[in-house]
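One structure is given here, and the rest of the page talks about it.
The values are calculated or read from the model by the stated rules, or taken from the named source; none is laboratory data. Just so you know, these numbers come straight off a predicted model, no measurement behind them. Don't worry about glycine lacking a Cβ; one is built from the backbone with ideal geometry, like all the others, and counts go over all protein chains shown.
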Amino acid sequence: MYYNGAICDIYIGKGAGTKLMKEINRAKNSIKIVSPYLSPSLIKELIDFHEKNIDIELVTTDDIEDFQINKNGRSKNIHKLIIQNRVVDDEAVKKREEWLVLKKVLNSIGWGLFTSLFLSGYYLRNINVFFGLLPVFFIFLIAKIYKRKIKLKRIYSYWYSQLFPFKVYLSPRKNYLSDTFIHSKIYLIDDKIAYLGSLNFTASGTKHNYETRIRTEDPKAIHEIKEEISHLLNHSHLPEIDIQMWGKQLYREPIN
């Protein structure tokens, strides 16, 4: 993207994100962010904005800090952005229930015969009675086979969705297929105010570091910036993390 002649103001120094964060917190409709690095506390703020029905769009890289240390322990932020959805196979559930009933019946028959034969052999003092235990062990063997079939029967399948639209690009150090690192820092608030500069969407970037940023409300610049964010979110061909594969790494997937 190239655009010249935008009307903007410039800030250089510490606290470059102070005004940015104030205007983000006053957003009415939407917040769009491009930042290679994210702090867990600010991910939490985006989740809070989403819960207030503000549209969120995020473009970042695979260097996301997942944990936020607090008095209650560790909170996994990425788990909150990626939602696990579970689908139940009704036919598999029905088959599994049939096997469960059959296993219980076989175990009941087996224990009943075992008890009867054992007591008969004991009171009759006839060792030949115990040969009748062979079919009993065969019944228990069949019951054990069904127990394993029940354990291995898959009745759940999983797929993953996003809490709000976001794209996570692979950094070159983790993927040899690309030498492009998404290093831009872009903030678009309500499609009316844009910030660009060096500050990441991190606690240090927005509060403590010596940073550079520009702010503009120039309509033509805003249009171009909005288009660029849309391209990064929807149409870029750079290597990215697959949400389905990532979800499988983050969550357990019990089969039944």
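For region 172-210, the candidate set comprises residues that are assigned to a loop (DSSP other than H, G, I, E, B) and among the hydroxyl-bearing types (Ser, Thr, Tyr); within that set, the residue that is nearest to ILE12 (Cα to Cα) is SER198.
The residue that is surrounded by the most Cβ atoms within 10 Å (Cβ to Cβ), among those in region 27-47 that are out of contact with any Phe, Trp or Tyr (no Cβ under 7 Å at 6 or more places or on another chain) and free of Cβ contacts under 8 Å to residues at least 60 places away in the same chain, is ILE43. Residue count for region 1-26, restricted to those that are touching a residue at least 24 places away in the same chain (Cβ under 8 Å) and polar (S, T, N, Q): 1. Of the residues screened, GLU253 is one that is in contact with a Phe, Trp or Tyr (Cβ under 8 Å, 6 or more places away or on another chain) and modelled with pLDDT of 90 or more. Looking across region 179-188 at every residue that is of a type in the set (A, V, I, L, M, F, W, C) and farther than 14 Å from ASP218 by Cβ, the one that is surrounded by the fewest Cβ atoms within 10 Å (Cβ to Cβ) is identified as PHE181.
Of all the residues in region 150-177, those that are buried (at least 16 other Cβ atoms within 10 Å of the Cβ), more than 24 Å from the chain's Cα centre (by Cα) and not β-branched (Val, Ile, Thr) number 1. Of the strands (runs of 3 or more DSSP E) lying entirely inside region 52-123, the ones with 3 or more residues being at pLDDT 70 or above and in contact with a strand residue (DSSP E or B) (Cβ under 7 Å, 6 or more places away or on another chain) are found at 55-61, 82-88. Checking each residue in region 211-256 for being in a helix (DSSP H, G or I) and of a type in the set (Val, Ile, Thr) picks out ILE222, ILE225, ILE229, ILE243.
Taking first residues from region 144-168 that are closer than 30 Å to LEU81 by Cβ and partners that are small (Gly, Ala, Ser) and surrounded by 13 or more Cβ atoms within 10 Å (Cβ to Cβ), the Cβ contacts under 7 Å between residues at least 6 apart in sequence or on separate chains come to ARG154/ALA92; ILE155/ALA92; TYR160/GLY247. Can you tell me how many residues in region 141-171 are in a helix (DSSP H, G or I) and modelled with pLDDT under 90? The number of residues fulfilling the criteria is 0.
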